There are 2 protein chains.
Amino acid sequence: MFESAEIGHKIGKTAYRDAVAPLRAALLEAQADLQESKKIPVVVLISGQDGAGKGETINVLYEWMDPRFISTLAFSQASDEERERPPMWRYWRSLPAKGRVGIFAGSWYSDPIRQRIGAEISFKELDARADQINRFEAMLVNEGALVLKFWFHLTKEGQRKRLKALESDPRTAWRVTKWNWDRLKTYDQLQEVAGHFLRMTNTPWAPWVVVEGTDDRYRSLTVGKILLEAMQKKLASTDKQESPVAPMVRVDTDGRNVLSELNLKLKLADKPYESELAKWQGRLSELARDPRFKARSLVCAFEGADAAGKGGAIRRIGAALDARQYQVIPVAAPTEEERAQPYLWRFWRHLPRHGRVAIFDRTWYGRVLVERVEGFCAENDWLRAYTEINDFEHELADSGVMVVKFWLQISQEEQLARFKAREQVAFKRFKITQEDWRNREKWVAYQHAICDMVERTSTGNAPWTVVEANDKNYARVKILRTLCERLEAEFEGKHAPGAERRSKKPGKRGKKRD
Amino acid sequence: MFESAEIGHKIGKTAYRDAVAPLRAALLEAQADLQESKKIPVVVLISGQDGAGKGETINVLYEWMDPRFISTLAFSQASDEERERPPMWRYWRSLPAKGRVGIFAGSWYSDPIRQRIGAEISFKELDARADQINRFEAMLVNEGALVLKFWFHLTKEGQRKRLKALESDPRTAWRVTKWNWDRLKTYDQLQEVAGHFLRMTNTPWAPWVVVEGTDDRYRSLTVGKILLEAMQKKLASTDKQESPVAPMVRVDTDGRNVLSELNLKLKLADKPYESELAKWQGRLSELARDPRFKARSLVCAFEGADAAGKGGAIRRIGAALDARQYQVIPVAAPTEEERAQPYLWRFWRHLPRHGRVAIFDRTWYGRVLVERVEGFCAENDWLRAYTEINDFEHELADSGVMVVKFWLQISQEEQLARFKAREQVAFKRFKITQEDWRNREKWVAYQHAICDMVERTSTGNAPWTVVEANDKNYARVKILRTLCERLEAEFEGKHAPGAERRSKKPGKRGKKRD
């Protein structure tokens, strides 16, 4: 992997000067086009050995390009707000918007490599990380991003020389610390781990570019030229490049499915409802104050046809919680800032801190429900969304976030009755819109979408609970009970398979990386 | 202030039930109107004594209203990201967008009251905080917000009873901790401090509503009704309510002003430029790594006519910094999310952490420059902006952020020459727009606006540096030198008057509140 970066590449002073002027002009041109079209975010990862010129290269890029449309993201010690979210949260919040260049000095590669060198994780775990990264980067590329990953390489002798040179120059001596010299001792280990990890993450959609770090001019020019060419090609390509997706197939030849099998006649009379409600709300209120919740967080996802009773159910949950502890996130059309980011970005940004609850009224499943049925996104987009969503929820579960998902199912007759009833009651009138009526017409298409969704995204980590919701009493109690039982199981380490994985490494999740 | 909240208000069960149904319907209606018009953010502060029903009331509001359009913000211990910014940052980032209701459980009142009770600040300092808060709330109201401040009051005996009652009910016992009982001991002190502070902040635009906290039904109904009425009235009022502003007057009878007095012929030849540039960049590079910078941050503000050389100057600063340490923030039209917030919100969100630098390419002065001259905002808006901006910069300076502001002045002839030159050079072509040409036509109006700006916002904390920018060499060196000298003065505690204030309380700024 590193051989071609050990052959002593060099660029002379004059050749460099002659090359820089047109390169700079072209880079600014490409950046202006990027900014104008506002379609492509450019993600540049600068990584490699200490002393190989990472900081210098970033500074050169700033010199050549328009710094107003670049951001450099440095990731050292995580802040406490970051530590209380899944590890990828800090990278999601730093993603460049469409039209901008985001340079990552340190990235999602840093931790796995460091942890493997420190023998904190096994090679098998490292490979699992590689897989996760590959899927993440594929998602970025499918969402339109240009992903460029640079690795600056030095031979062991080269690194020693670079560090010495940096140290002897008063202008750069500050860059070299004892920590850097210590890294030299682990050179061979880094080579081994990085070599393996780079190979595992060397995908067609986001390949590594290994650059020899010895000669400043060679390194700068190489990065600049590659960045330029990649931007130009990406800007010029008219067709959206996407991972292939299999067509959707359905196996309900007999017409039976998770929805048809529901008994929508299930009911709960008012009297038992009152006592059941009080019982489960009391239980939930206790669970939310359980000391074990202090290092966890809860994400509730509510989906259901219009008038299925999502709002009422959410209220009954909220009533058992302290208002200061939870947020209801109504999901409507994305804002301008959200549209400039990958689809899941607007859900990542609302992830709760430890001890907190986020209740989503409609969710990231919009893509495989309304967007699919109404044709708001391309077929490819919703077809690949199933795995992207599973990955998202997997990352949440893996970091201790409990994801509890409800589909509230009502019959067409019940929906119609509720629409009519709502129009009579003054204080609910605001809930009925033209759209609600229109959506009814696509009932069958929605039922298919729901079945596909449940089939493809009900995972051990984050199972769907389909709720018979024709009777509001019954639905609310089932939701509260499910939620309580899930929290209990999670607290007692019984929820599989996340529980298994976690219980193998007790205390691991709470560990802080400083 | 509290007398009317000690007369034993009570509402009977039936009266309560009869009142709640129509109240709830009307609240939902008002909320729907609010959400539809998307013009008014509603800021509700819930404060008062422990045990007076703050949490309960918030929960009741959630029961009555649509929780999708409410957020409750609880402010306990500040996160490290918050501690590294001015104290008001955490409140700015939590402000509700237009159309939403934001309930503040704990607010900008909590710290001053707590600090005064703990004798950490003097009464004089408390009054200074009151003044600051009054101005902040006036800004919110002028920006269209409805600000409602509730204080829940109990007599000493009443508080003791409430705490006992809460403690003896297993469902609420968790709410009462030793901390609450300790607060009972400081009842008289709290009464004194809060009484004073509430009176000082009882403004016509954001008056306090003191509510007796003893009876749950009375308290809930009172808050609900007041919230409803205030929302309805605010929604119904067609004219924008604003603080009065004095008309703009100018005192340059002789035609001389800070711009006319500039010597735009100042020049620096290339040879001395190279060495001066290297000298100051080197100095800046050292200052940015100075250990004293680790507890400070730097905000550079760049304003100037088109083609005045802002970009080039920013590059020269950037070249002396580590790219991982600074961000350039290009200020263009606000995004949708930014338009839903007070004007200054989009600048607050970019404030740097400790040890970091934010360079604004165009700034919050847009309001008193382009928005004023082009008529993009009402006269009142830009007339009140001067003080709002001074308050903003004052808060920054007060918390250790160094604010360095540059106006780059060029002559009309020089601007024309640069426009023409730019059109010749390929890699700069993207910088010239139709607008640039159009702005030239309003030259005189802009010169007036600039003079007013400098006159009204060049403060001891954040002075303007007007830069003679016809010669780029001269301008860049002057900017770098000014910046270095300012950083040095700040580090040595010589920059007045912020320095004075800070040096009086050594170590105070770094103090954390946990």
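Here are the numbers:
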item: Qualifying residue in region B:213-220 (condition: assigned by TED's automatic domain parsing to the domain that holds B:I58, surrounded by fewer than 18 Cβ atoms within 10 Å (Cβ to Cβ) and modelled with pLDDT under 90); result: no
item: Selected residue [buried (at least 16 other Cβ atoms within 10 Å of the Cβ) and either within 14 Å of chain A (Cβ to nearest Cβ) or among the charged types (D, E, K, R) (or both)] from B:S71, B:S37, B:S110; result: B:S71
item: Count of residues meeting criterion [free of Cβ contacts under 8 Å to residues at least 24 places away in the same chain and touching a strand residue (DSSP E or B) at 6+ places or on another chain (Cβ under 7 Å)] in region A:326-380; result: 1
item: Boolean, A:I121 is free of Cβ contacts under 8 Å to residues at least 60 places away in the same chain and within 14 Å of chain B (Cβ to nearest Cβ); result: no
item: Residues (touching a residue at least 40 places away in the same chain (Cβ under 8 Å) and under 10 Å from B:R116 (Cβ atoms)) located in region B:182-204; result: B:Q189, B:L190, B:V193, B:A194, B:H196, B:F197
item: Filtered residues of region A:95-109 (kept if among the small types (G, A, S) and out of contact with any Gly (no Cβ under 9 Å at 6 or more places or on another chain)); result: A:A97, A:G99, A:G102, A:G106, A:S107
item: Close pairs from region B:277-304: first modelled with pLDDT under 95, partner in a helix (DSSP H, G or I) and exposed (fewer than 15 other Cβ atoms within 10 Å of the Cβ), Cβ under 8 Å, at least 6 apart; result: B:R289/A:W174
item: Tally, over region B:1-25, of residues that are under 22 Å from B:L198 (Cα atoms) and either polar (S, T, N, Q) or in a helix (DSSP H, G or I) (or both); result: 3
item: Within region A:266-374, helices (runs of 4 or more DSSP H) holding 3 or more residues that are more than 14 Å from chain B (Cβ to nearest Cβ) and not charged (D, E, K, R); result: A:270-288
item: Qualifying residue in region B:192-206 (condition: assigned to a helix (DSSP H, G or I), of a type in the set (D, E, K, R) and within 24 Å of the chain's Cα centre (by Cα)); result: yes
item: Region B:47-68 - residue that is among the polar types (S, T, N, Q) and out of contact with any His (no Cβ under 8 Å at 6 or more places or on another chain) and, of those, farthest from the other protein chains (Cβ to nearest Cβ); result: B:S47
item: Contacts under 8 angstrom Cβ, first residue in region A:74-87 being facing chain B (nearest Cβ under 10 Å) and free of Cβ contacts under 8 Å to residues at least 40 places away in the same chain, partner among the hydroxyl-bearing types (S, T, Y) and crowded, with 19+ Cβ neighbours inside 10 Å, 6 or more apart; result: A:F75/A:Y91; A:F75/A:S107
item: Test: A:R160 is at pLDDT 90 or above, surrounded by fewer than 17 Cβ atoms within 10 Å (Cβ to Cβ) and basic (K, R); result: no
item: Candidates A:K10, A:K39 - the one that is basic (K, R), closer than 20 Å to A:W345 by Cβ and touching a residue at least 24 places away in the same chain (Cβ under 8 Å); result: A:K39
item: Answer residue from region B:174-188, given it is over 12 Å from B:Q49 (Cα atoms) and in contact with a Leu (Cβ under 7 Å, 6 or more places away or on another chain) and is surrounded by the most Cβ atoms within 10 Å (Cβ to Cβ) among those; result: B:V176
item: B:A246 loosely packed, with under 14 Cβ neighbours inside 10 Å, modelled with pLDDT under 95 and closer than 30 Å to B:D18 by Cα; result: no
item: In region B:299-328, residue surrounded by the fewest Cβ atoms within 10 Å (Cβ to Cβ) [restricted to those that are among the aliphatic types (A, V, I, L, M) and touching a Gly at 6+ places or on another chain (Cβ under 9 Å)]; result: B:A320
item: Inter-residue pairs, beta-carbon under 7 Å, first more than 18 Å from A:A105 (Cα to Cα) and in region A:140-152, second buried (at least 19 other Cβ atoms within 10 Å of the Cβ) and among the aromatic types (F, W, Y), 6+ apart; result: A:E143/A:Y343
item: Top-ranked residue of region A:253-281 - restricted to ones that are under 11 Å from A:Y474 (Cβ atoms) and among the charged types (D, E, K, R), ranked as nearest to the chain's Cα centre (by Cα); result: A:E276
item: Any hit, region A:59-68, residues being touching a strand residue (DSSP E or B) at 6+ places or on another chain (Cβ under 7 Å) and polar (S, T, N, Q); result: no
item: Qualifying residue in region B:75-90 (condition: closer than 17 Å to B:L148 by Cα and of a type outside the set (S, T, Y)); result: no
item: All positions within region B:90-107 that are surrounded by 19 or more Cβ atoms within 10 Å (Cβ to Cβ), within 13 Å of chain A (Cβ to nearest Cβ) and either among the charged types (D, E, K, R) or within 15 Å of the chain's Cα centre (by Cα) (or both); result: B:P96, B:K98, B:R100, B:S107
item: Region B:153-181: number of residues that are among the aromatic types (F, W, Y) and more than 14 Å from every other protein chain (Cβ to nearest Cβ); result: 2
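The values are calculated or read from the model by the stated rules, or taken from the named source; none is laboratory data. Given the structure is predicted, the values throughout are model-derived calculations rather than measurements. Methodologically, a virtual Cβ is constructed for each residue, glycine included, from the backbone with ideal geometry; neighbour enumeration extends over all protein chains shown.
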